[in-house]
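A.B. asks: Dumping the structure here so I can ask a few things about it.
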Number of protein chains: 2
Amino acid sequence: MTIERVVFLAGGIGILDSGVGGLTVVKEVFRQLPLEEVIYIGDSARCPYGSRPTHEIHTFTLQMIDFLLQFEPKAIVIACNTATAVVLEEVKRKISIPVIGVIEPGARAAIRETKSNRIGVIGTLGTIRSRMYEKVLRKTHPDLSITSLACPGLVPLVEDGHRKMEDAFQIVQRELEPLKNISLDTLILGCTHYPIIVDLIQKAVGDDVVLISSAEETASELSSILALNHQLVSEHREPSHRFFTTGSPDAFRKIAEDWLKRKIDVTQVTLDHPISERLSS
Amino acid sequence: MTIERVVFLAGGIGILDSGVGGLTVVKEVFRQLPLEEVIYIGDSARCPYGSRPTHEIHTFTLQMIDFLLQFEPKAIVIACNTATAVVLEEVKRKISIPVIGVIEPGARAAIRETKSNRIGVIGTLGTIRSRMYEKVLRKTHPDLSITSLACPGLVPLVEDGHRKMEDAFQIVQRELEPLKNISLDTLILGCTHYPIIVDLIQKAVGDDVVLISSAEETASELSSILALNHQLVSEHREPSHRFFTTGSPDAFRKIAEDWLKRKIDVTQVTLDHPISERLSS
């Protein structure tokens with residue numbers, strides 16, 4: 001790691017993502033848990049993860065977990081569906097603080113919202129191939145009708161900051177075309193990048209389909225777990241947050257400030273270190 | 001207790017309420033966790049709790065907890081806002097299985113759903129006087145605008161099976177009158193009886209207000225806690241449920257079968273026993 005001076009903010013919420021998608025979780029944490037401090041790391045330099053081989057996703061994600069553990073967070077959110085599918089269970093076993101992925105909260109919310117038991121999932125290639133949503137959904141509901149669709153074209157739309165381009169809606173529409181004649185009442189946005197283009201997705205699937213944002217649900221589950229563990233911040237002071245990216249800090253800041261509607265500081269780091277002992281054992 | 005033969009179903013979900021209101025949580029558990037077994041006890045003979053003195057609510061609720069513990073449940077849901085306000089923290093400290101109340105899940109869902117930060121809460125006299133919703137909501141959101149209203153007339157409407165009477169809507173409208181000129185975007189149904197008359201409440205407050213059912217949210221939180229503890233049922237078999245009431249089994253069955261849309265067995269019990277050692281210490 002090239003970072004030289006680290007200010008230790010013990011007790012914050014560590015949030016990681018392959019890039020800027022996890023900012024949708026940050027926005028929800030800011031909204032639902034406004035007293036909590038966030039330490040965010042986005043691996044934009046190596047994004048997207050969705051089409052990478054599993055061993056790379058595994059290594060890169062553990063490098064981010066390692067990075068966050070320096071700050072002694074009280075909980076870590078793997079705010080990336082692809083990374084959740086690959087490492088969540090392993091990391092949960094290896095470290096003692098709560099580790100929350102984005103797949104289970106989204107799946108649970110879909111079960112809460114569906115009336116027809118016909119659920120759709122959209123995500124990256126990696127997430128859809130992992131079949132993790134099906135696995136989690138069928139664990140409690142073996143008879144659900146589930147339609148999964150990989151939409152590899154959507155993350156670049158967000159990550160490159162092109163969501164306001166004129167043809168953005170055409171791209172979304174084309175990606176979602178296979179869902180056109182399938183009757184769903186609930187669609188899980190199985191990628192934390194997607195809430196940033198939620199208006200385009202809603203327009204493409206129609207107003208009758210309830211969209212589930214894993215970001216919103218994950219922040220809600222984080223809140224519930226911190227409350228259960230009596231770990232919610234109780235002092236009413238302004239928290240200070242830290243943002244790190246492996247990519248261009250300017251590009252990251254531009255998307256982040258636009259999405260979060262506030263000024264932030266961003267520090268660039270490199271994450272090419274070997275995995276530490278606590279995670280490699 | 002007068003119950004003579006108890007079939008021990010270790011590992012079910014124990015659910016208790018002052019009467020039939022907790023059936024709204026049961027319905028959501030059936031829907032969101034269809035593989036789990038439910039053991040339900042409703043204290044209809046001594047319902048409503050909302051206007052009783054605290055020491056009575058305390059004793060009666062601990063008697064129900066005691067009753068449920070015989071069945072060795074893996075979790076207990078206090079599916080009554082009044083009882084949650086009085087005993088949740090105490091029971092959590094005293095027994096080792098997860099104990100879930102209905103107040104925190106509802107409060108968290110309201111925070112998730114509100115856009116304007118103007119939240120309303122309706123409940124029994126006991127719940128509203130306890131100010132528990134305000135306490136939980138302000139813990140993370142000190143600046144929320146919260147309007148609380150006690151609606152003592154609503155529980156009898158449900159408990160007496162009168163919700164289909166012609167003047168039911170007039171009663172609901174009169175009870176909610178004080179909210180008329182207050183602009184809210186989210187209203188917490190702070191009593192598990194209320195989802196049974198949700199259509200009347202929605203009609204009275206208008207379609208623009210999002211109603212939060214603590215029943216739905218509590219089942220969702222139960223699901224999340226069981227998943228976190230690796231305690232979800234994994235065999236795909238038909239669960240068998242047990243229902244107990246201190247009141248008339250026929251009256252209970254009538255309301256329950258109408259609400260749950262399935263046949264159930266109901267056993268009458270009396271709960272006048274002294275509190276057992278594990279709870280009285």
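A.B. asks: Using a Gaussian network model of chain B with C-alpha springs under 10 Å, which one of B:LEU144, B:LEU125, B:LEU189 is most mobile by mean-square fluctuation?
C.D. replies: B:LEU144
A.B. asks: Would you be so kind as to identify which of B:HIS141, B:ALA227, B:ILE212 lies farthest towards the positive end of the dipole of chain B, taking Lys and Arg as +1 and Asp and Glu as -1 on Cβ and the Cα centre as origin?
C.D. replies: B:HIS141
A.B. asks: Okay, next question. Using a label position 7 Å from Cα in the Cα→Cβ direction, what is the ascending list of nm distances from B:MET165 to the same site in the other copies?
C.D. replies: Shortest to longest, the spacings are 6.4 nm.
A.B. asks: Would you check the accessible area of B:VAL25, probe 1.4 Å, heavy atoms only, in square angstrom rounded to 10?
C.D. replies: For B:VAL25, solvent-accessible area is about 0 Å².
A.B. asks: Next question, about the same structure. For the pairs B:LYS92/B:LYS135; B:LYS203/B:LYS254; A:LYS27/A:LYS263; A:LYS92/B:LYS135; A:LYS164/A:LYS203; A:LYS27/A:LYS261, flag any whose C-alpha to C-alpha distance is greater than 20 Å.
C.D. replies: Pairs exceeding the cut-off: B:LYS203/B:LYS254; A:LYS92/B:LYS135.
A.B. asks: First obtain the Kirkwood hydrodynamic radius of region B:103-214 from its Cα pairs, then insert it into the Stokes-Einstein equation at 4 °C and 1.567 mPa s, and state the resulting D in µm² per second as a whole number.
C.D. replies: Translational D for this selection: 93 µm²/s.
A.B. asks: Just to confirm the number: angle between the C-alpha axis of helix B:103-113 and the first principal axis of chain B, 0 to 90 degrees, nearest 10?
C.D. replies: 40 degrees
A.B. asks: Moving to a separate point now. Can you tell me the alpha carbon radius of gyration of chain B divided by the globular rule-of-thumb value 2.2 N^0.38 Å?
C.D. replies: 0.95
A.B. asks: Sticking with this structure for a sec: Residues of region A:75-112 with accessible area at least 40 Å² lower in the all-protein-chain context than alone (1.4 Å probe)?
C.D. replies: Listed in order, they are A:ARG108, A:ARG112.
A.B. asks: Over region B:35-132, what relative contact order in percent results from Cα pairs under 8 Å that are six or more residues apart?
C.D. replies: It comes to 31 percent, rounded to a whole number.
A.B. asks: Follow-up question, since we're still on this one. Computing the accessible area with a 1.4 Å probe over protein heavy atoms, can you report the carbon and sulfur percentage for the protein assembly as shown?
C.D. replies: Here carbon and sulfur together make up 49 percent of the probe-accessible area.
A.B. asks: Using helices alone, what [θ] at 222 nm do you get for chain B, with -39,500 (n - 2.57) per DSSP H run of 4 or more residues, divided over all residues and rounded to the nearest 500?
C.D. replies: -12500 deg cm²/dmol
A.B. asks: Further question: When the dipole is taken about the Cα centre of region B:103-214, and only Lys, Arg (+1) and Asp, Glu (-1) are charged at their Cβ, what size is it in debye, to the nearest 20?
C.D. replies: The dipole of region B:103-214 has a size of about 460 debye.
A.B. asks: A further question follows. Just the number, please: buried accessible area between B and A, total of both chains, 1.4 angstrom probe, nearest 100 square angstrom.
C.D. replies: Chains B and A together bury roughly 2600 Å² of accessible area.
A.B. asks: Please identify the GluC sites (Glu not before Pro) of region B:227-281 that satisfy two criteria: DSSP loop assignment and at most 15 other Cβ atoms within 10 Å. Which are they?
C.D. replies: When the GluC sites (Glu not before Pro) of region B:227-281 are filtered for loop state and at most 15 Cβ neighbours within 10 Å, B:GLU235 remain.
A.B. asks: Report the GluC sites (Glu not before Pro) located in region B:88-146 that are in a DSSP loop and have at most 14 other Cβ atoms inside 10 Å of their Cβ, or state none.
C.D. replies: Taking region B:88-146 and a limit of 14 other Cβ atoms within 10 Å, no loop GluC sites (Glu not before Pro) are found.
A.B. asks: Show which aspartates and glutamates lie in cross-link reach of B:LYS94 when reach means a straight Cα distance below 20 angstrom and same-chain residues fewer than eight apart are skipped.
C.D. replies: List returned: B:ASP17, B:GLU56, B:ASP66, B:GLU72, B:GLU104, B:GLU277.
A.B. asks: Going by accessible area, probe 1.4 Å, with all protein chains left in place, what is the ranking of B:HIS58, B:HIS273, largest first?
C.D. replies: B:HIS58, B:HIS273
A.B. asks: For the pair B:HIS273 and B:SER51, what calculated FRET efficiency results from E = 1/(1 + (r/R0)^6), where r is the Cβ-Cβ distance and R0 = 25 Å, to the nearest 0.05?
C.D. replies: 0.55
A.B. asks: By how many degrees, 0 to 90 and rounded to 10, does the Cα axis of helix B:214-228 deviate from the longest principal axis of chain B?
C.D. replies: On a 0 to 90 degree scale, this one is about 50.
A.B. asks: Find, among the residues of chain B, the one whose Cβ sits nearest the axis of the rotation taking B to A; state the distance in whole Å.
C.D. replies: Closest to the rotation axis on chain B: B:SER224, 3.
A.B. asks: Another question about this same structure. Heavy-atom accessible area of A:HIS141 with all protein chains present, probe 1.4 Å, nearest 10 Å²?
C.D. replies: 20 Å²
A.B. asks: If you don't mind, there's one more thing I want to ask. Hey, if you drop one equal point scatterer on each alpha-carbon of the protein assembly as shown and run the Debye formula without solvent, what base-10 log of I(q)/I(0) do you get at q = 0.07, 0.11 Å⁻¹?
C.D. replies: -0.42, -1.01
A.B. asks: A further question follows. Quick one: helix A:81-94 against the long Cα principal axis of chain A, what's the angle to the nearest 10°, folded into 0 to 90?
C.D. replies: It works out to around 50 degrees.
A.B. asks: Compute the relative contact order of chain A as a whole-number percentage, counting only Cα pairs closer than 8 Å that sit 6 or more residues apart in sequence.
C.D. replies: Answer for chain A is 28 percent.
A.B. asks: Relative contact order for region B:112-192: what percent, with Cα pairs under 8 Å and sequence separation of 6 or more?
C.D. replies: Once normalised by length, the contact order is 50 percent.
A.B. asks: Quick one: order B:SER51, A:SER44 from most to least accessible surface, probe 1.4 Å.
C.D. replies: In descending accessible area the options line up as B:SER51, A:SER44.
A.B. asks: Within region A:237-281, which trypsin sites (Lys or Arg not before Pro) sit in a loop by DSSP and count at most 16 neighbouring Cβ atoms inside 10 Å?
C.D. replies: When the trypsin sites (Lys or Arg not before Pro) of region A:237-281 are filtered for loop state and at most 16 Cβ neighbours within 10 Å, A:ARG237, A:LYS261, A:ARG262, A:LYS263 remain.
A.B. asks: Label point 7 Å out from B:GLU177 along Cα-to-Cβ: which residues of region B:128-159 have amide N under 15 Å?
C.D. replies: B:150-154
A.B. asks: Placing +1 on the Cβ of each Lys and Arg and -1 on the Cβ of each Asp and Glu in the protein assembly as shown, which of A:VAL25, A:SER240, A:GLY123 has its Cα farthest towards the positive end of the resulting dipole?
C.D. replies: Toward the positive end, the furthest listed residue is A:SER240.
A.B. asks: Counting only protein chains, not ligands or nucleic acids, how are B:ARG138, A:ARG174, B:ARG46 ordered by accessible area (probe 1.4 Å), most first?
C.D. replies: A:ARG174, B:ARG138, B:ARG46
The values are calculated or read from the model by the stated rules, or taken from the named source; none is laboratory data. This one's a predicted model, so the numbers in the text were calculated from it and none came from an experiment. Cβ sites come from the backbone with ideal geometry, for glycine too, and all protein chains shown count toward neighbours. All accessible areas refer to the heavy atoms of the entire protein, side chains included, with ligands and DNA or RNA removed. Shrake-Rupley method; radii C 1.70, N 1.55, O 1.52, S 1.80 Å.
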